[in-house]
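Since the structure comes first, as structure tokens, the remarks are kept for the end.
FYI, it's all coordinate maths here, none of it is from the lab. Computed from a predicted structure; not experimentally measured. Ideal geometry is used to build each Cβ from the backbone, glycine not excepted, and the neighbour counts take in all protein chains shown.
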Amino acid sequence: MEMLKKEHQLTISVSPHVKSEETTSRIMWSVSAALMPAALMGIYFFGPYAAVNLALAIIGALAGEYAFQKFLKRKITLTDGSAFLTGLLLGMNLPGSVPFYLPVIGSFVAVVICKQLFGGLGYNVFNPALIGRAFLLISFPKLMTIWKEPTAAFIHLDAKTTATPLGILKEEGVAKLMEIFGDKINLYTQLFVGHRAGSIGETSAFALLVGAAFLLYRGYISWEIPASFLGTAALMAWVFGTKGALFAGDPLAHLLSGGMLLGAFFMATDYVTCPSVKRGQILFGIGCGFLTMLIRLKGGFPEGVMFAILIMNCFAPLIDRSFRTRTFGARKETKEKEVRK
Amino acid sequence: MHSEFTKMFELIIAASLINNFVFTKFLGLCIFFGVSKKMETAVGMSITFTAVMMLGAAANWLVFNKIMVPLDITFLKIIVFIGVIAGLVQASDTIMRKIAPALYYKLGIYLALISTNCIILAVPLENAAEHFSFVESLAFGLGSGIGFGLALVIMASIREKLELADVPAPFRGLPMAFIVTGLIALAFTGFSGLITI
């Protein structure tokens, strides 16, 4: 009898039924690996001090996650790589020269307040790394906007402070930017390689594109969000980029500078905080691109990628809600009648 | 005429996004937290709120500029504005009970609370302080109403999502709502400096 029962047992499980090798931790570690070229380029340009900051951000994130889960007697999930990725992203979004306590504070806010309080991985509404950075930017505005010139050599520790290309563009205009970089070709090359002032991991467009190509090839990120994000931003930069004249802007310079590539490929595409419906993702990307350029061209901050993604994060649940497919056979009025009784 | 239209558009955008009363000044939080648990009440409240807001802005503008300024009793504006708004809320209360009883019972106490809502009072006071014209006052009221509605709808969608989340017990419900509001406010600082009026 017992034997018979076992033989005839059906395996009943809840969806999803498609099984594959992919797991959350595998994706998280792959994204971290894809960020490595850009992180290494950042360390190469900004020196060992930046490397320490990067490491502190990661250690802070891991320690925050461990402490919170230990304290609340929850399952410790350090090995899924999400805390590591948050720390890495936060570190890459900081200027290389911030004092050592900043990355630690930032990772604490990112991991504990923005992720764990919401119930851990999968429930957070906002991108943790960006919340960490936004918190730091609002709390320590002076420290967070001191940019060092890239040295590309480990001996020059006392590099000059300078403004980021976007900062120059905002404060002094295109003419000044051209004066510094010479001609357009030189500007594009420097931006592409990453030889410019900026956050540790955002400067090297080339290294970021290599990582993004890997993620796209493996299917870990979908093309919808980066394409609509960058497309909208390029269009706006082209149309409104120059004051007083339409269709005279420089889209390429805008795409390559600031955190545009890092944001579009690695942060806006965060599974948890972007809409899950494809059409919703395109809307999300368009919103990100639009808000980024709005803030860059009109707003009070030189860079808008972070705020744009965070603002669209607020709207992501709403976008998902409005693109949700209607249940088959369900009518809109039934709910209303039920309430009225 | 063109610049007048631009000014109005800027006022609406500024009041709804850039100086959103909920996320930059943290006004009107009692209703904001009270009715943002469900999307249905949030939408209903947004519409009622915007309507009352515009009526309040219009009525108070008339009272302020046509009665109080000539009589030179502008120092009484807080008391007078509260009185006018309370009357309007009572009226909308009665109308809603007739035309949308389901929503009326769902909004419950918060409908009456509109009359003491900070934003509803802040808008006429701001209008008086900034010497806005009648049309500008209406635009400012509309923008503030849209901004409040937007905040409510965003918050409701997030809170509905959070109902499934494994939030630590001490933070469930209101504490989490406060944290989410703080984080949204952090995101909305990105709008600062966009339009200066």
> Using a simple spin-label model with points 7 Å from Cα along the Cα→Cβ vector, what separation in nm is obtained for B:Leu164 and A:Ala227?
Replying inline: 2.7 nm
> Tell me, what ³J(HN,Hα) does each residue in segment A:44-49 have, in order and in whole Hz, if you take phi through Karplus 6.51 cos²θ - 1.76 cosθ + 1.60 with θ = phi - 60° and put x for Gly and Pro?
Replying inline: 4, 7, 10, x, x, 4
> Per residue and in cubic angstrom, what volume does the convex hull of the Cα atoms of the protein assembly as shown have?
Replying inline: 205 Å³
> Which whole number gives the average, over all residues in A:123-134, of C-beta atoms from other chains lying within 10 Å of the residue C-beta?
Replying inline: 3
> segment B:129-155 to segment A:182-230: how many Å between their Cα centroids?
Replying inline: 40 Å
> Of the listed peptides A:214-224, B:149-159, what is their order by residue-averaged count of other C-beta atoms within 10 Å, with the highest listed first?
Replying inline: B:149-159, A:214-224
> Can you give the direction-averaged projected area of the convex hull of the alpha-carbon atoms in segment A:190-247, in nm²?
Replying inline: 5.1 nm²
> How large is ³J(HN,Hα) for each residue in segment A:92-102, as worked out from phi by the Karplus curve 6.51 cos²θ - 1.76 cosθ + 1.60 (θ = phi - 60°), to whole Hz, x for Gly and Pro?
Replying inline: 5, 8, 9, x, x, 9, 5, x, 5, 6, 5
>> If the only charges are +1 at each Lys and Arg Cβ and -1 at each Asp and Glu Cβ, what is the size of the charge dipole of the protein assembly as shown around the Cα centre, to the nearest 20 debye?
In response: 1420 debye
> Hey, what D do you get for segment A:165-322 in µm²/s if you plug the Kirkwood alpha-carbon radius into Stokes-Einstein at 4 °C and 1.567 mPa s?
Replying inline: 82 µm²/s
> Going highest first, how would you order A:80-86, B:73-79 by mean Cβ packing within 10 Å?
Replying inline: A:80-86, B:73-79
> Just how many % of Cα pairs in segment B:21-149 lie over 25 Å apart, if you round to the nearest whole percent?
Replying inline: 22 percent
> How much net charge surrounds A:Thr189 when only other residues with a Cβ under 12 Å from its Cβ are counted (Lys, Arg +1; Asp, Glu -1)?
Replying inline: +1
>> Can you show me the helix-derived [θ] at 222 nm for chain A, built from DSSP H runs with n ≥ 4 at -39,500 (n - 2.57) apiece and divided by the number of residues, rounded to the nearest 500.
In response: -18500 deg cm²/dmol
> Using the Karplus equation 6.51 cos²θ - 1.76 cosθ + 1.60 (θ = phi - 60°), what ³J(HN,Hα) coupling, rounded to whole Hz, does each residue of segment B:151-161 give in order, writing x for Gly and Pro?
Replying inline: 4, 4, 5, 4, 4, 5, 5, 6, 5, 5, 5
>> Can you compute the modelled spin-label distance between A:Thr79 and A:Ser139, with each label point 7 Å from Cα toward Cβ, in nm?
In response: 3.2 nm
> Most fluctuating residue of A:Cys114, A:Cys314, A:Cys274 in a GNM of chain A with Cα springs under 10 Å: which is it?
Replying inline: A:Cys314
> Can you pull the mean other chain C-beta count within 10 Å for peptide A:306-319?
Replying inline: 5
> How far, in degrees from 0 to 90, does helix B:77-99 lean away from the longest principal axis of the Cα atoms of chain B, to the nearest 10?
Replying inline: 60 degrees
> For B:Ile195 and A:Leu252, FRET efficiency with R0 = 30 Å and r from the beta-carbon atoms, rounded to 0.05?
Replying inline: 0.60
>> Positive end of the dipole of segment A:195-317, charges at C-beta (+1 Lys, Arg; -1 Asp, Glu), about the Cα centre: which of A:Met312, A:Thr232, A:Ile200 has its Cα farthest in that direction?
In response: A:Thr232
>> Let me check I have the definition right: for segment A:24-145, take the eigenvalues of the Cα gyration tensor, multiply each by 5, take square roots. What are those semi-axes in whole Å, largest first?
In response: 23, 17, 12
